[in-house]
Amino acid sequence: MTVRVVLADDEQLLRVGFRMILDAHADFEVVAEAADGRAAIAAAAHRPDVIVMDVRMPELDGIAATETVTREHPEVRVLILTTFDLDEYAFAGLRAGASGFLLKDTKPADLIEVIRVVASGDAVVSPRITRRMLELFSDRLPEVAGGADGGVAAELACLTPRELRC
């Protein structure tokens, strides 16, 4: 399967670098490039599987562009790739519908794998952002009924030795 990609970044040199990385893999096709958020929205008409979207771009930022793309083209996945390790960007991007959030210091091999994962319908968030999300939201998670194992130990305790044999 070929993964169709749009590269949206206001820095031409970065788009060229990302294109070179993707072109080195036969299962990727860069179908369009965009230098701003409005062009990224227009590029969604190329029916990419993934748009690799920068946050800070002229005309329209990547967060607003992500919200529009995911609303108008729900089949298109957006992977935000930015230099800025800011919670506000990560959380805003995810709220806007992004399927992933990575920093531009990501290794090329990891970027390739993440694009494949996002194209398959899964989500990926930078480990640093995941850690912060866990710190912020872990106390809001619901309690598991029956303890940490979901009550499995209590249910197993009532079984006979014969029932426990495999």
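The values are calculated or read from the model by the stated rules, or taken from the named source; none is laboratory data. None of the values given here were measured: they were computed from a predicted structure. Backbone-built Cβ (ideal geometry, glycine too); neighbour counts: all protein chains shown. Ligands, DNA and RNA are stripped out before the accessible areas are found, and what is left, the full protein with its side chains, is counted by its heavy atoms. Shrake-Rupley method; radii C 1.70, N 1.55, O 1.52, S 1.80 Å.
If a residue counts only when it is among the small types (Gly, Ala, Ser), which strands (runs of 3 or more DSSP E) contained entirely in the stretch 27-141 have at least 2 such residues? Before the answer, list the steps.
On the way: elements: 28-34, 50-53, 77-82, 100-103.
By residue number, 28-34.
Please determine, by comparing only the residues of the stretch 37-59 that are open to solvent by 30 Å² or more (accessible area, probe 1.4 Å) and at pLDDT 95 or above, which one is nearest to residue 124 (Cα to Cα). Steps first, answer last, please.
Our first condition is that a residue be open to solvent by 30 Å² or more (accessible area, probe 1.4 Å); within the stretch 37-59, this holds for 38-39, 41-42, 45-47, 49, 56, 58-59.
Now drop any that are not at pLDDT 95 or above, which leaves 38-39, 41-42, 45-47, 49.
On the way: 38: 25, 39: 24, 41: 22, 42: 25, 45: 24, 46: 23, 47: 21, 49: 15 Å.
Result: 49.
Among the residues of the stretch 1-50, those that are closer than 16 Å to residue 111 by Cα and small (Gly, Ala, Ser) comprise 8, 17, 24, 26. One residue stands out in the stretch 95-129 among those that are under 21 Å from residue 30 (Cβ atoms), of a type in the set (Ser, Thr, Tyr) and open to solvent by less than 70 Å² (accessible area, probe 1.4 Å): the one that is modelled with the lowest pLDDT, namely 106. Are any of the residues in the stretch 12-19 in contact with a Gly (Cβ under 7 Å, 6 or more places away or on another chain) and open to solvent by less than 30 Å² (accessible area, probe 1.4 Å)? Among the residues of the stretch 12-19, not one is in contact with a Gly (Cβ under 7 Å, 6 or more places away or on another chain) and open to solvent by less than 30 Å² (accessible area, probe 1.4 Å), which makes the answer no.
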